[in-house]
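These notes are about the structure you will find just below.
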Amino acid sequence: MKILVINCGSSSLKFQLIESDNGEVLGKGLCDRIGIDGSFISFAKGEGDKVKKEASIKDHSDAIKLVLETLTDPTGGVISSLDEIGAVGHRVVHGGEKFKSAVLVNEEVLKAIEECNDLAPLHNPANLIGIRACMELMPNVPMSAVFDTAFHQTMPEEAYLYGIPYEYYRKYKIRRYGFHGTSHDFVSHRCAKLMNKPYEDLKIIVCHLGNGASISAVKNGKCIDTSMGLTPLEGLIMGTRSGDLDPAIVEFLCNKENIDFHQVLNILNKKSGVYGLSDDLSSDFRDLEDGYNKKDPNAIRAVDAFCYRVVKYVGSYVAAMNGVDAICFTAGIGENTAFVREKILEHFGYLGLYLDKEANKKRGEDTLISTSDSKVKAYIIPTNEELEIATQTLKLL
Ligand code: AMP
């Protein structure tokens with residue numbers, strides 16, 4: 001069955017048409033600058049080159065229309081009619097406590113997603129617009145909602161509660177939710193396959209290191225902890241996000257810089273992380289690697305702090321699970337940046353994990369990067385969130 005996977009951001013929409021029988025990507029693309037001057041669509045057939053076309057895209061409904069026209073275009077498209085699309089899988093960022101797995105969309109589900117809008121005010125409304133636009137244009141096609149938070153819903157209370165008055169959990173559901181769930185789900189399952197062991201018997205740590213970055217601890221087939229929290233701001237030092245910090249810094253900065261807390265949050269989301277730590281050198285690890293090799297102190301400071309935070313999280317999850325069988329690296333940095341993996345893994349000799357430096361040179365393919373005599377395995381496992389969304393959608397049908 002052909003499944004269209006839709007990932008709506010506030011001003012962009014990514015899409016992939018996947019043949020679910022074999023996971024083949026028939027076409028993929030992006031509508032960007034939705035509602036802003038200079039909007040465009042880019043599209044690639046299968047593994048082909050991207051073709052970019054300027055287009056007027058006023059809103060997400062326009063974007064969906066354009067996606068469907070592009071997919072069915074007689075010359076540049078990949079299907080001859082919309083009837084070929086068997087289902088649409090939508091990525092939804094926040095499912096709160098309500099959604100512990102993917103669901104088929106109906107009006108009740110849409111209402112429940114809307115109730116989570118407070119928890120992800122930038123993302124959930126855009127996700128909902130995308131779903132509604134698709135429902136309007138393809139009224140007879142089943143739609144699923146696949147949540148970034150769902151995989152982490154198995155966390156125990158001790159892991160998801162913050163040390164604040166319990167009434168705030170009771171009243172507002174303030175707790176750790178975690179994100180990148182489809183990626184942690186996909187990679188941890190893939191890891192069990194590569195190890196040829198039952199998923200339920202393993203202790204796995206997944207390091208999703210991209211521009212946004214998070215770590216999860218998966219014990220006996222269940223996520224028991226993850227580094228992102230109520231929002232994706234908590235946890236690791238990221239591209240531009242600060243990750244963990246003393247909450248008192250917010251008031252301190254307000255007073256010192258004479259700014260309000262919205263401005264501080266903007267700094268913590270957009271000007272911090274490796275970007276801020278590198279004194280605005282870059283949020284991109286390709287630049288930081290370059291700087292690191294040239295011994296630029298700005299790059300060294302940012303990369304060292306990034307890796308140290310990952311090491312601390314991995315160490316704490318080893319303790320939380322009372323051991324670990326495998327540590328997996330995924331996403332842009334995790335899959336591509338050998339020196340970062342090396343800097344992280346050199347801390348885990350005490351677990352009996354030793355890096356195979358030759359294997360670690362690989363990028364972008366499933367690779368065992370620990371030596372054959374290592375007690376704990378380490379892997380590069382490229383994530384595939386779209387395929388996971390398509391797979392979960394197919395299961396629901
Ligand atoms: P993501 O958010 O998963 O797309 O990851 C983005 C991050 O991955 C950026 O810091 C990129 O510099 C890094 N990245 C992506 N591709 C490469 C590559 N080929 N080599 C090094 N870093 C990469």
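The values are calculated or read from the model by the stated rules, or taken from the named source; none is laboratory data. Since we're looking at a predicted model, the values are computed, not measured. Because the Cβ atoms are built from the backbone with ideal geometry, glycine has one as well, and the counts that use them run over all protein chains shown. Please note that ligands, DNA and RNA were not included when accessible areas were found on the heavy atoms of the full protein model with its side chains. Shrake-Rupley method; radii C 1.70, N 1.55, O 1.52, S 1.80 Å.
Note on segment 347-367: residues that are within 16 Å of the ligand (Cβ to nearest atom) and open to solvent by 50 Å² or more (accessible area, probe 1.4 Å) total 4. Looking at segment 305-323, can you tell me whether even one residue there is closer than 25 Å to residue 201 by Cα, away from the ligand (no atom under 16 Å from the Cβ) and outside any helix (DSSP H, G or I)? Yes; the residues of segment 305-323 include at least one that is closer than 25 Å to residue 201 by Cα, away from the ligand (no atom under 16 Å from the Cβ) and outside any helix (DSSP H, G or I). Restricting attention to segment 208-237 and to residues that are more than 12 Å from the ligand (Cβ to nearest atom) and without any contact (Cβ under 8 Å) to a residue 40 or more places away in the chain, the residue that is least open to solvent (accessible area, probe 1.4 Å) turns out to be 218. Out of 57, 85, 113, report the one residue that is within 15 Å of residue 135 (Cβ to Cβ) and crowded, with 22+ Cβ neighbours inside 10 Å. After ruling out the rest, the residue left standing is 113. Where strands (runs of 3 or more DSSP E) sit wholly within segment 1-63, those with at least 1 residues that are at pLDDT 95 or above, among the polar types (S, T, N, Q) and touching a helix residue (DSSP H, G or I) at 6+ places or on another chain (Cβ under 8 Å) occupy 12-19.
Part of a helix (DSSP H, G or I), open to solvent by less than 50 Å² (accessible area, probe 1.4 Å) and closer than 26 Å to residue 184 by Cα: is that true of residue 264 in this structure? No, not satisfied.
Checked against (1) in contact with a strand residue (DSSP E or B) (Cβ under 7 Å, 6 or more places away or on another chain); (2) within 15 Å of the ligand (Cβ to nearest atom); (3) of a type in the set (Phe, Trp, Tyr), residue 285 passes all but a single condition, namely (1).
Within segment 324-346, being more than 10 Å from the ligand (Cβ to nearest atom) and touching a Lys or Arg at 6+ places or on another chain (Cβ under 6 Å) holds for 324, 325, 326, 329. When residue 290 is tested against (1) touching a residue at least 24 places away in the same chain (Cβ under 8 Å); (2) in a helix (DSSP H, G or I), only condition (1) is not met.
Being away from the ligand (no atom under 16 Å from the Cβ), small (Gly, Ala, Ser), open to solvent by 20 Å² or more (accessible area, probe 1.4 Å) and at pLDDT 95 or above: is that true of residue 370 here? Considered against the rule, which asks whether it is away from the ligand (no atom under 16 Å from the Cβ), small (Gly, Ala, Ser), open to solvent by 20 Å² or more (accessible area, probe 1.4 Å) and at pLDDT 95 or above, residue 370 comes out as no. Scoring residue 203 on the criteria (1) within 13 Å of the ligand (Cβ to nearest atom); (2) in contact with a strand residue (DSSP E or B) (Cβ under 9 Å, 6 or more places away or on another chain) leaves a single failure, condition (1). For segment 88-110, enumerate the residues that are open to solvent by less than 70 Å² (accessible area, probe 1.4 Å) and assigned to a helix (DSSP H, G or I). Matches in segment 88-110: 109, 110.
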